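The structure appears below as structure tokens.
The values are calculated or read from the model by the stated rules, or taken from the named source; none is laboratory data. Everything numeric here is computed off the predicted structure, so don't read it as measured data. A quick note on method: Cβ atoms are made from the backbone with ideal geometry, for glycine too, and the neighbour counts reach across all protein chains shown. Accessible surface is based on the protein model in full, side chains and every heavy atom, while ligands, DNA and RNA are left aside. Shrake-Rupley method; radii C 1.70, N 1.55, O 1.52, S 1.80 Å.
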Amino acid sequence: MSKVIVITSGKGGVGKTTSAAAISAGLALKGKNTCVIDFDVGLRNLDLVMGCERRVIYDIINVIQGDANLNQALIKDKRTDKLYILPASQTRDKDALTLEGVQKIIEALKERFDFIICDSPAGIEKGAQLAMHFADEAIIVTNPEISSIRDSDRMLGMIASKTDKAINNQSITEHLLITRYDADRVEKGEMMKYTDIGEILSVKILGIIPESPAVLDASNTGSPVIFNTTSDAGTAYADAVARLLGSDISLKFCQPKKSFIQRLNPFQKKEAATT
């Protein structure tokens, strides 16, 4: 049975599109037929992160307005034959998105794909509401800072009240993805701890994505970071995908990294504190 998952956040710049690219690619690598849709009309970036910006001829608005069919607009990923991208328009207004148009596209994609990942624009405007409207599950992306967490809480309220399932008295499975996490800064009190974030939002944590230069490198090269299997971020996203598919994997990258001296003498910090 096909599943629609929206990846959303209240605040911009938290790594939503990076996460959509990594998770959709990860699902494809697991053998799942996957389509990822960019709903950020006018400010599309998914095609850049996926490395297919030069191959965009038609987009989601062209399909909705009948200028092209769905097959013409879908772009097949070159790294895995299980992954397709439906880009957003870079020149149209968000008002060109319609509920009926999005519904037709989602229903058509359900006939072909196991997973449909909706990369939502930030905030609560029309594009974001349409991206989440037909979702079966939601991944809330947040940073370990209070403004991002507050905005994520607002998005949870939208999901619980504005989606098709909410209107029909059904619930949506919610997941929390914490990005740009730095356990060393958390220990210093400069960032919120992942357990506190989970408790504030009352959502089960799908993954903790550590702050990593590999994320920026992946965006600049047009290759989802999950393909970088030697990076912490790539490993974290792969674990998140496995959890999404039902695997029980413990969270990584949530503890401060020990220095070489601390690894040799794990009691160093305790001894220093007692002298």
Does ALA88 satisfy being surrounded by 24 or more Cβ atoms within 10 Å (Cβ to Cβ), under 20 Å from GLU137 (Cα atoms) and in contact (Cβ under 8 Å) with a residue 40 or more places away in the chain?
no
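State whether one or more residues within region 138-145 are open to solvent by 60 Å² or more (accessible area, probe 1.4 Å) and touching a residue at least 24 places away in the same chain (Cβ under 8 Å).
Just the residues of region 138-145 that are open to solvent by 60 Å² or more (accessible area, probe 1.4 Å), to begin with: 145.
Subsequent filtering for residues that are touching a residue at least 24 places away in the same chain (Cβ under 8 Å) retains 145.
Scanning region 138-145 turns up at least one residue that is open to solvent by 60 Å² or more (accessible area, probe 1.4 Å) and touching a residue at least 24 places away in the same chain (Cβ under 8 Å).
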For region 158-177 the number of residues that are of a type in the set (Val, Ile, Thr), closer than 26 Å to LEU245 by Cβ and free of Cβ contacts under 8 Å to residues at least 12 places away in the same chain is 0
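Yes or no, residue by residue, for (1) on the phi > 0 side of the Ramachandran plot; (2) part of a helix (DSSP H, G or I):
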{"site": "ASN169", "(1), (2)": "yes, no"}
{"site": "LEU176", "(1), (2)": "no, no"}
{"site": "ARG185", "(1), (2)": "no, yes"}
{"site": "GLY189", "(1), (2)": "yes, no"}
{"site": "ASP196", "(1), (2)": "no, yes"}
List pairs: first residue in region 198-222 and under 15 Å from ALA238 (Cα atoms), second residue among the aromatic types (Phe, Trp, Tyr) and open to solvent by less than 10 Å² (accessible area, probe 1.4 Å) anywhere in the structure, Cβ distance under 8 angstrom, at least six positions apart or on different chains.
GLY207/TYR237; ILE208/TYR181; ILE209/TYR181; ILE209/TYR237; PRO210/TYR181
Could you list, in sequence order, the residues of region 15-39 that are in contact with a strand residue (DSSP E or B) (Cβ under 9 Å, 6 or more places away or on another chain), in a loop (DSSP other than H, G, I, E, B) and surrounded by fewer than 24 Cβ atoms within 10 Å (Cβ to Cβ)?
GLY15, LYS32, ASN33
Evaluation of SER147 against (1) modelled with pLDDT of 95 or more; (2) among the small types (Gly, Ala, Ser); (3) out of contact with any helix residue (DSSP H, G or I) (no Cβ under 8 Å at 6 or more places or on another chain) (one fails), failing number:
(1)
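Considering every residue within region 235-245, establish whether at least one is in a helix (DSSP H, G or I), more than 18 Å from the chain's Cα centre (by Cα) and modelled with pLDDT of 95 or more. Let's see the steps before the verdict.
The first filter runs over region 235-245 and keeps only residues in a helix (DSSP H, G or I), leaving 235-244.
Okay, now just the ones that are also more than 18 Å from the chain's Cα centre (by Cα), so none.
No, that holds for no residue.
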Out of the residues in region 41-66 meeting the condition of being charged (D, E, K, R) and open to solvent by 30 Å² or more (accessible area, probe 1.4 Å), tell me which one is farthest from LEU86 (Cα to Cα).
ARG54
